[in-house]
Amino acid sequence: MDSGFPPRLSRQVAAAGRMPLAVAVVDRDGLVSHWSTGARRLFGHSTHEATGREAEDLLPVAGALAEDEGGLAHGDTAAGALPRAGRATISAPDGARTDVLWWAYPLARAGGAGHLVLAAGGRRPSRPGALPSSYGTRTMPGFARPAQFPDAPRLAAQLPYILPAMGRAEAARITERILELGYPVLEFSHRRQVPVTPVRYVPQQPAPTACGSHAASR
């Protein structure tokens, strides 16, 4: 696929798509049933605090969880069966105002009802390899057919691993639904899409003590 970016920016563009994701699963009643470590870091609520609460009280998804509403999608035309994406501004746990990009997928065909919500902080990355701020195009979330990316098999294979505390069968059904409705992408401009590559949170290992055992983390 021709991404539309100049060759010198290709590596920077790929880096721009690599980001930690917040992942939440919402049941048919609009309550949170699964809440990832990324969701805790982005929104400031622990799994214990979030589970069982109204999702729209925790997630800035602006009506995307309504069963009878449509939205942006690729190829699926049934009302209420379309994924939606958007951008919102929230107060981060540290008190700073930050943009959040989000993607919401209806799960009615994934063995149940409800939604999967993915979200990522939309602050401009400042680490080496980030897109230069002079690029001038506002980044928006969107969807794309995974087959249009050269590394489509790798993108699909990583999806089950970002789903929080979930059995293999359920994770496989949700992964299939994501791939059916459209892989999450960043859209820098028309036909300039970068697939989101989740950065997995790895729990910190406690430091070994002098006796060779591991000290309890705090």
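Work out how much length Asp27 to Ala96 would gain on full extension: take 0.36 nm times their residue separation and subtract the Cα-Cα distance, in nm to one decimal. List each step's numbers first, then the result.
On the way: separation 69, 0.36 × 69 = 24.84 nm, distance 3.00 nm.
Residue separation times 0.36 nm, minus the Cα-Cα distance, leaves 21.8 nm.
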Whole-Hz Karplus couplings 3J(HN,Hα) for segment 139-149, θ = phi - 60° and coefficients 6.51, -1.76, 1.60, Gly and Pro as x, run 7, 10, x, x, 9, 8, 5, x, 5, 7, 9
Gly30's amide H: which non-local residues (gap 5+, or another chain) put their own amide H closer than 5 Å, with H modeled 1.01 Å from N in plane and none for Pro or chain starts? none
Check which residues have an amide H placed less than 5 Å from Leu21's amide H, if you skip close sequence neighbours. Val199
At 1.4 Å probe size, with every protein chain present, just tell me what the per residue accessible area of segment 138-183 comes to in Å². 50
How many nm is it between the label spots at Ala169 and Arg18, if each spot is 7 Å from the Cα in line with the beta carbon? 3.6
Please list, in order along segment 168-180, the HN-Hα scalar couplings obtained from phi with the Karplus expression 6.51 cos²θ - 1.76 cosθ + 1.60 (θ = phi - 60°), rounded to whole Hz, x for Gly and Pro. 4, 5, 5, 5, 5, 5, 5, 4, 4, 5, 4, 5, 5
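The values are calculated or read from the model by the stated rules, or taken from the named source; none is laboratory data. Because the structure is predicted, anything quoted here is derived from the model rather than measured. Heads up, the Cβs are rebuilt from the backbone with ideal geometry, glycines too, and the neighbour counts pull from every protein chain shown. Heavy atoms of the whole protein, side chains included, go into the accessibility calculation; ligands, DNA and RNA do not. Shrake-Rupley method; radii C 1.70, N 1.55, O 1.52, S 1.80 Å.
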